[in-house]
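Written below as structure tokens is the structure these notes are about.
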Amino acid sequence: MRLSQVVRSGPGQYICEAGALNFLDEKLRLFKNPVIITGEKSYEAFLNHYRGELRLPIYHYDGTASNEDMARLAAAIKGADCVVGIGGGRLLDTAKGTAALLHIDYIMIPTVLGTCAAYTPLSAVYHPDHTFKAVEYYERAAYLCLMDLHLLVESPKSYFMGGIGDTLAKWYEAEAITRHVDDNDLSAMVHVGLKTAKLTQEILLNDTKEAIASLERQEVTPAFARVAEAVVAVAGTVGGFAGEYGRMAGAHAIHNGMSLVPETHESAHGVKVAYGVLVQLMASGDEAEVKKLIPFFDENNFPRRLESFGVSKNLPEAAAEIAEFAASEQETFHLAVPHITKEAILQAMKRVENLGRVEVLQ
């Protein structure tokens, strides 16, 4: 059985609170030769809040999250018995992959709120040239996921926005996939994953505005804590329990199509995925749900038109290119809407773009 089909409940231990780094020394006592893998900015953010006494060997990744860099690091730290990954998604994915090569434990300390990488036993792996390669699943889950809210509330807003957008898609993509399956054919654990996905949506719709304001004030509030946990831990459990029923679908296919349009490259992954949620919903006949989400998008400054991503002069051509890619056989839009076509996606994009204004995509 593939690991992607096995229920993965999460790290062995999970701590999320203000000042959580105070527990790191205690948790590392089990290990004799732990090492840190990190990046320069990530480690600086960590040191601003770490008050422990440990001075561990430090190794830096090259920014690629590639198999090649994981192999380099594994050779360098041979003899270590635990990897402490400190950083964002690619860094944490590198630390996981390095630990897997050595068959040792790993601890995840996120410094930004962009992904659920700190919680999940898998890595998005890239080629050395930064192009996407594959998703790799690991036998071991994290020994510990340690989220210090004092550190995270000082993290960049752009990552937080991306994390919120990517997490918003959890429910809409999982619901779209499973609406084509009889409930009686789904296991109890898949239902747990679906309920978890629904919880992420409810937290985000209720708390995002206050959570973003809290981050802007660098103040840890209950709303900030809930959204931070939704982005990392709650989102991480969706695929862990639901497996292939909690995977990427139409929203991520739109994101992948947008990667062909250079003007969109400056926007965070999750912000583009959030736009993809609207397109997926429109393509699946859920226009009423799109209209319910519009206030959330506007209130929290999430782009909902291509021109907000910098696409203007070549708007019709860019939309057609995105739609064609998203509808292709190798993409995941068909998991949300079986037998989807380029024309249907393009029509859905037009309807999203034109909500509340004169039509621009003729």
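No value in this document is a laboratory result; all are computed from the given coordinates. Quantities reported herein were computed from a predicted structural model and do not represent experimental measurements. Quick reminder, even Gly has a Cβ in these numbers, built from the backbone with ideal geometry, and neighbours come from all protein chains shown.
At a glance:
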item: Distance in nm between pseudo-label sites at residue 181 and residue 298 (7 Å out along the Cβ direction from Cα); result: 3.7
item: Centroid-to-centroid separation of the stretch 187-266 and the stretch 20-67 [C-alpha atoms, Å]; result: 26
item: Of 313, 157, 291, the one that fluctuates the most in a GNM where the chain has Cα springs shorter than 10 Å; result: 313
item: Computed log₁₀ I(q)/I(0) - Debye formula, equal Cα scatterers, no solvent, the stretch 3-45, q 0.18, 0.24, 0.25 Å⁻¹; result: -0.85, -1.06, -1.07
item: Lysines whose Cα lies under 26 Å from that of residue 133, excluding same-chain neighbours fewer than 8 positions away; result: 41, 78, 96, 170, 272, 342
item: The stretch 117-215: C-alpha pair distances exceeding 19 Å, %; result: 62
item: At q = 0.17, 0.21, 0.26 Å⁻¹, base-10 log of I(q)/I(0) for the stretch 45-107 (Debye sum, equal scatterers on each alpha carbon); result: -0.56, -0.82, -1.16
item: Distribution of pairwise C-alpha distances over the stretch 219-275, 5 Å bins, in %; result: 4, 16, 18, 19, 18, 14, 9, 2
item: Euclidean distance between Cα centres, the stretch 305-349 to the stretch 77-102, Å; result: 37
item: Separation of the residue 135 and residue 5 label points, Cα + 7 Å toward Cβ, nm; result: 1.6
item: Extension gain from residue 158 to residue 71, taking 0.36 nm per residue of separation minus the Cα-Cα distance; result: 28.3 nm
item: Angstrom value of the Kirkwood radius, inverse mean 1/r, which spans all Cα pairs in the stretch 78-118; result: 10.1
item: Within the stretch 17-98, trypsin sites (Lys or Arg not before Pro) in DSSP loop having at most 14 other beta-carbon neighbours inside 10 Å; result: 32, 51, 55, 78
item: Within a Gaussian network of the chain (alpha carbon springs, distance under 10 Å), most fluctuating of 15, 109, 36; result: 15
item: Added length on full extension, which subtracts the Cα-Cα distance from 0.36 nm per residue, residue 191 to residue 210; result: 3.9 nm
item: For the stretch 3-83, the spread of Cα positions along each principal axis, largest first, Å; result: 33, 32, 26
item: Paired Rg and Dmax values of the stretch 165-225, which use every Cα atom, in angstrom; result: 14.8, 47
item: Gaussian network model of the chain, Cα within-10 Å springs - most flexible of 221, 115, 200; result: 221
item: Point-to-point label distance, residue 150-residue 198, nm (Cα→Cβ direction, 7 Å offset); result: 3.8
item: Value of Rg to Rh for the stretch 3-152 (Rh from inverse mean 1/r over Cα pairs, i.e. Kirkwood); result: 0.93
item: Calculated over the chain: convex hull of Cα atoms, volume per residue (Å³); result: 133
item: Kirkwood-based shape ratio for the stretch 157-353, expressed as Rg/Rh from alpha carbons; result: 0.97
